[in-house]
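A quick write-up on the structure given underneath.
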Amino acid sequence: MAFRKKKVYKFSDEVMSKDALVSLLFGVTALLIIIFSVVMGIVMKGNAPDIIGTLLVASIIMGVTGLIFGFLSYGDSEGGLLSKRASVIISIIDLVALALLYLF
C-alpha cells in the first residue's frame with residue numbers, strides 16, 4: 001500500500017510582503033506615467049511639453065527601483081508568491097515599454 005505525501009499548507013497573516021507592495025506601487029505608477037505620456041504625445045501631435053520627458057525619466061527610475069524591490073521580496077517569507085511575481089513582471093513591462101519608446 002502506497003502512502004500519500006501530505007500536503008503542507010502555509011498560512012500567513014500578511015497578504016503581501018512590504019517589498020512586493022512597494023515594487024507593485026512603483027511599477028503601476030510608472031506604467032500609468034508611460035500611458036499618460038504616450039496619450040499626451042498623440043493628442044498634442046508630437047509637441048508635448050518638456051515635463052513629459054521628466055516624467056519618463058522618473059518612470060525609468062521607478063521601474064528599476066520596482067524591479068530591485070521585486071527581486072528583494074523573494075527573500076521575504078511573508079506574503080504570497082503571486083504578488084512577488086506580479087510586481088517583477090509589471091516592472092519588466094515598464095522597462096520594455098520605455099526601451100521601445102526610446103527606440104521608436
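The residues of segment 69-91 that are of a type in the set (Val, Ile, Thr) and surrounded by 15 or more Cβ atoms within 10 Å (Cβ to Cβ), listed by number, are Val88, Ile90.
Considering each of Leu72, Leu98, Leu82 in turn, give the residue that is more than 16 Å from Thr29 (Cβ to Cβ), in contact (Cβ under 8 Å) with a residue 40 or more places away in the chain and in a helix (DSSP H, G or I). That would be Leu72, the only listed residue that is more than 16 Å from Thr29 (Cβ to Cβ), in contact (Cβ under 8 Å) with a residue 40 or more places away in the chain and in a helix (DSSP H, G or I).
Leu25 fulfils the conditions (1) free of Cβ contacts under 8 Å to residues at least 60 places away in the same chain; (2) open to solvent by less than 100 Å² (accessible area, probe 1.4 Å); (3) assigned to a helix (DSSP H, G or I); (4) within 15 Å of Arg85 (Cα to Cα) except for a single criterion, (2). Can you say whether Thr54 is in contact (Cβ under 8 Å) with a residue 12 or more places away in the chain and either within 11 Å of the chain's Cα centre (by Cα) or open to solvent by 40 Å² or more (accessible area, probe 1.4 Å) (or both), as far as the supplied structure shows? The answer is no for Thr54.
The values are calculated or read from the model by the stated rules, or taken from the named source; none is laboratory data. Note that this is a predicted model, so its numbers are computed, not measured. Reconstructed Cβ throughout: ideal geometry from the backbone, glycine too, with neighbour counts over all protein chains shown. Keep in mind that these areas ignore ligands, DNA and RNA; they rest on the heavy atoms of the full protein, side chains included. Shrake-Rupley method; radii C 1.70, N 1.55, O 1.52, S 1.80 Å.
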